[in-house]
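Working notes, structure below.
None of the figures in this text is laboratory data; all of them are computed from the coordinates on show. Computed from a predicted model, the values in this text were never measured in an experiment.
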Amino acid sequence: MPKVFAFAGHSGSGKTTLIEKLLHELTGRGLRVATIKHSHHALDTQGKDSWRHREAGASASLLLTPSGISLMADSVEQHEPQQLAQHYFPAMDMVLAEGFSSVPGAKIEVLRRECSALPRCAIEDGLIALVTDVAEVYPQLPHFALDDIGGIVRFMLEPK
């Protein structure tokens with residue numbers, strides 16, 4: 001079972017940029033890492049074949065292109081990163097999820113003062129660390145500078 005970390009934060013806080021940097025570092029260490037992105041936007045394009053298959057009743061549609069594979073599947077019962085990782089990525093070492101601030105599981109929040117000094121998550125929501133320039137928020141949790149990729153990776157790789 002892969003380790004799963006959800007990255008939460010306000011829009012524009014740098015979640016995607018942080019995940020890109022973490023991916024580079026983690027895969028550079030030989031780890032197999034998958035990502036899950038929560039979005040409120042549809043990924044299937046109306047009128048295209050995969051959309052038509054789903055409209056016709058397919059529970060899942062796999063689109064194979066020269067550059068990769070895209071899967072659209074019903075996810076009625078599986079909405080949490082841990083469940084999705086277990087179902088779709090059991091062979092991975094780690095899964096980084098973006099945009100799951102309100103579901104259970106380990107969360108690292110990206111909190112930048114220029115976006116908001118108020119966090120989106122609370123400790124009781126599963127918040128385990130902050131990547132931030134706001135020192136006064138949750139001082140009992142580990143804080144990492146926005147550019148401390150090595151420190152964040154070491155924290156993520158610690159046995160829990």
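Quick look at the numbers
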item	result
Kirkwood-based Rg to Rh ratio, the chain, C-alpha trace	1.00
Residues with amide H under 5 Å from that of F144, placed H, sequence gap 5 or more	L130, V131, T132
Residue-wise HN-Hα coupling along segment 108-115, computed from phi with Karplus coefficients 6.51, -1.76, 1.60 (Hz; x: Gly, Pro)	10, 9, 9, 10, 10, 3, 5, 8
Calculated from backbone phi, Karplus (6.51, -1.76, 1.60) coupling profile of segment 2-13 in Hz, x at Gly/Pro	x, 6, 10, 10, 9, 10, 10, x, 5, 4, x, 6
Of the DSSP H helices in the chain, those whose Cα atoms cover at least 30 Å axially and whose Kyte score averages 1.0 or more	none
